[in-house]
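The values are calculated or read from the model by the stated rules, or taken from the named source; none is laboratory data. Predicted model, so just to flag it, every value in this text is computed and none were measured. Cβ placement follows ideal geometry from the backbone for every residue including glycine, while neighbour counts extend to all protein chains displayed. Side chains are part of the model used for accessible areas, which takes the heavy atoms of the whole protein and leaves out ligands, DNA and RNA. Shrake-Rupley method; radii C 1.70, N 1.55, O 1.52, S 1.80 Å.
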Amino acid sequence: MGESWFRREFMVPRRLAFNVLFYGAHLSLFIFGWYTQATNQRLAGLNTLKYSVWISRGAGLVLAFDGGLILLPMLRNIIRIIRPKLTWAFPADENIWFHRQVAYSLAFWAMVHTTAHYVNFINVERTQIRKQTALQIHYTQPGGITGHFMLLIMVLMYSTSHQKIRQQCFEAFWYTHHLAFFFMLGLYTHATGCFVRDSVDPDYISTFPFYSTEHCLGYLSWRFIIWPGIIYFGERVWREIRARRATRLSKVLAHPSGAMELRIIKPSFKYTAGQWLFIQIPELSHFQWHPFTITSAPEDPYVSIHIRQVGDFTRGLGDRLGVGPSVVASMTQAAMKGAEKDEKSGMSRGDYVELDPAGSSITLPAIRIDGPYGAPAEDVFGAEVAILIGAGIGVTPFASILKHIWYRQKKGKLGSLRRVEFFWVCRDAPSFGWFQSLLQEVEAAQADPNFLRINVYLTQKISEDMLWNIAVNDAGAEYDPLTLLRSRTTFGRPDWMTIYGKMMQAIEGGQYLPGSTSQLKTKVATYFCGPGALAKSIKDATVFHTNSNVEFSFAKEHF
């Protein structure tokens, strides 16, 4: 049975602390806004509307607070800089999660604020404390115009933010989310005008801001919440300047299973293993930036990313580069049959097709990259044991990390890291192809067979042809017939409770990390990239098996 909502939100200390601080601050601001409105003698006329105007004021103050707060987790460059120093204090890698929490709060208080104002306007028309109709307030006053404008933008942004929509049509999410610029303009100007005043009639003047501040008492919260907007705007300008630095797409490799590898040369780009970036192909779109994990190591002379062709943008890019579905289909035949080499094409599963612009009519398009940005997996060298778990294309951050470990292993600079467990969970056999050559190299380079252990799981039901080929090729073979690794492929889904339980017992028994330190508290860090359902089962296993001797931690990759 899954973990209850109450237990997750109120029985986990860090989550409980967040809820108390976050919702406590919102409730306090609501009460403060209510109180200041109700006790303001200059607004005695408006206060005759009683509860609806007090509620609208309290909710409006909370909305102003959320309007500034929602931009803070999007300051990616600032987060990247402070992340290594302040990870202990707050979960910097959960910035997207925090952004969503603020968005949920924004939606709730917007409904409260809007409902209260509709009651206000109806009561103004009914009591005639001002000679206006509700429609006039709605559509001729700055507050009514900007309020409805912001509500429209929120409907568009929220409706295209669902995970399924982002996956199927990222462009809709991208463009609607950039309406936030206009939303912020509406927020900063929402309290202007002369709706809030201590006189019956508005006190307009002929010069900016076109109303008298003597009688027009517009709220001034925008003076505080505008600063996150200014900082965010400055960061976006800096990102644009940085992205325009010299960048060149040097090579394109087509791997089985629809993955294409882009190798990019950008001398000014510095990163650490496990980080990610945004790319833009101006030929396909001048505005869209798409996030991808870096798969090269910092020691490589290029920056590489692996892209799976699953959406409009990625398929369009594959067709533009000449490595679209038709090319990939011929490459996956051997893998689908479970054979080491396809007789017609002469290609094995680990092979790739390199696009050679000199020998074809295809030219490589211009490319821009923005980043790098931090990810939890970059902390891998701070743990004694690192468990790297990738599901499908979610293995990409670990390509960079495994390469980097390989380079550092040669130099003898592994920090606290003493063992690495790598799990790759794949749905189908072709997915093994693009990562196979790297795993072979890393596995072959291991002087200590206990340092790196590779665990590969195939979850899809296999065909009769594949089953026959596996049976024939596996008998007495030194290498696994599917992955061509020494480590054998396991069929089915991994049982994480059993895996972590056995690891905990081995560590406590001194068998997993030989030596004197094996009896001390051992830190085992789990880094995961993949679907949320799998993440939950892995996290449950880490929490369940943590004790006084073994401390399991869990971190998930977020974009």
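Side notes on the structure shown:
- Subset of the range 298-322 [among the basic types (Lys, Arg) and touching a residue at least 24 places away in the same chain (Cβ under 8 Å)]: ARG308, ARG320
- Hey, GLY371 part of a strand (DSSP E or B), at pLDDT below 85 and at positive phi or not: yes
- Pick from the range 166-196, criterion open to solvent by 60 Å² or more (accessible area, probe 1.4 Å) and within 22 Å of the chain's Cα centre (by Cα), ranking: farthest from HIS290 (Cα to Cα): PHE181
- Of all residues in the range 283-308, those satisfying the criterion of being over 19 Å from the mean Cα position of the chain (by Cα) and open to solvent by less than 30 Å² (accessible area, probe 1.4 Å) are SER285, SER296, ALA297, ASP300, VAL303, SER304.
- Condition check for ARG427: at pLDDT 80 or above, open to solvent by 10 Å² or more (accessible area, probe 1.4 Å) and of a type outside the set (A, V, I, L, M, F, W, C): no
- When the residues of the range 144-165 are filtered to those that are in a helix (DSSP H, G or I) and among the small types (Gly, Ala, Ser), the one that is most open to solvent (accessible area, probe 1.4 Å) is SER159.
- Criterion violated by LYS251 - all others in (1) buried (at least 20 other Cβ atoms within 10 Å of the Cβ); (2) more than 18 Å from the chain's Cα centre (by Cα) satisfied: (1)
- Within the set GLN141, GLN132, the sole residue that is touching a Cys at 6+ places or on another chain (Cβ under 9 Å) and open to solvent by less than 70 Å² (accessible area, probe 1.4 Å) turns out to be GLN141.
- In the range 93-113 there is at least one residue that is closer than 30 Å to LEU21 by Cα, touching a strand residue (DSSP E or B) at 6+ places or on another chain (Cβ under 7 Å) and either open to solvent by less than 60 Å² (accessible area, probe 1.4 Å) or of a type in the set (A, V, I, L, M) (or both).
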